[in-house]
Amino acid sequence: MTELIVRPTLSDEDKHAYAGIYLLKRMDLKPSDGGLVLPVVLPSELSPLDEILMQLAVEELVVINNRKERWDLTRKGLDYLAALIDEAEALIDEFDDDELPEVVAELRARNLDVFRARFLWGWFDGEFDDLVLWQQQRGVAPVETLWAYYLLDDAFYAELARDLESEM
């Protein structure tokens with residue numbers, strides 16, 4: 001008998017929101033710590049990020065720095081990033097010693113988004129900072145070496161959801 005695996009269905013809007021969160025962190029970090037400096041005109045391997053950056057600009061979280069020809073975080077972007085960090089830290093502080101089934105049950109009991117919690121936890125811990133390495137460590141095959149494409153691919157979110165499958 002074939003089992004039906006239920007995975008959360010993420011809209012493009014949801015994937016773009018998570019990708020935006022990912023970019024905000026990477027833009028805030030120093031390059032020596034894995035941060036990114038994103039030029040206004042992105043190279044082809046980063047082209048999937050154009051739409052994400054435009055949405056972040058509409059939300060006034062990033063702005064084009066014409067002098068340096070790059071994208072920069074705004075004060076509003078830094079404040080939003082701080083709120084996300086606080087949210088992730090609160091999750092980790094509360095649930096770090098708990099087993100995944102207990103965490104999922106408690107989040108559901110509070111009517112909270114389990115997938116968002118999983119994403120923020122990994123995002124905060126740096127688990128996704130190198131998406132190529134992350135795929136390799138998890139045994140994903142084939143590995144998508146163009147991380148910007150993987151960040152917006154259903155495969156990334158399906159892999160994240162896999163952690164929650166037995167709990168869903």
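Every read-out reported here was derived from the displayed coordinates using simple, explicitly stated rules and does not represent laboratory data. Small disclaimer: the values here were computed from a predicted structure and weren't measured. For neighbour counting, all protein chains shown are included, and Cβ atoms are generated from backbone atoms with ideal geometry for every residue, glycine included.
Grab the Cα-Cα distance for Thr145 and Gln55, subtract it from 0.36 nm times how many residues apart they are, and report the gain in nm with one decimal. Spell out each step's value before the answer.
Values: separation 90, 0.36 × 90 = 32.40 nm, distance 2.46 nm.
Difference between extended and current length: 29.9 nm.
List the residues whose amide H sits under 5 Å from the amide H of Trp71, counting only those 5 or more places along or on another chain, with H placed 1.01 Å from N in the peptide plane.
Placed amide hydrogens put Leu38, Val40, Asn65 under 5 Å from Trp71.
Considering the dipole of the chain built from charges on the beta carbon (Lys and Arg +1, Asp and Glu -1) around the Cα centre, which of Leu29, Leu42, Val103 is farthest to its positive end?
Towards the positive end, the residue furthest out is Leu42.
Give, as a single signed number, the net charge of other residues whose beta carbon lies under 12 Å from the beta carbon of Val140, with Lys and Arg counted +1 and Asp and Glu -1. List each step's numbers first, then the result.
On the way: positive: Arg138, Arg162; negative: Glu144, Asp153, Glu159.
Spelling it out: positives minus negatives among the neighbours equals -1.
Using DSSP loop states and a limit of at most 12 other Cβ atoms within 10 Å to flag trypsin sites (Lys or Arg not before Pro), what is the longest stretch of the chain containing no flagged site?
Looking at the chain, 1-66 is the longest stretch - no exposed trypsin sites (Lys or Arg not before Pro) with at most 12 other Cβ atoms within 10 Å.
Given the C-alpha atoms of the chain, compute the convex hull and give its volume per residue in Å³. Before the final figure, lay out the partial values.
Numbers: hull volume 23.3 nm³, N = 168.
Residue-normalised Cα hull volume stands at 139 Å³.
Can you give the charge dipole size of the range 12-163 about its Cα centre, rounded to the nearest 20 debye, using +1 on the beta carbon of Lys and Arg and -1 on the beta carbon of Asp and Glu?
Rounded to the nearest 20 debye, it is 680 debye.
Taking the Cα atoms only, what angle lies between the long axis of helix 12-28 and the longest principal axis of the chain, rounded to 10 degrees?
60
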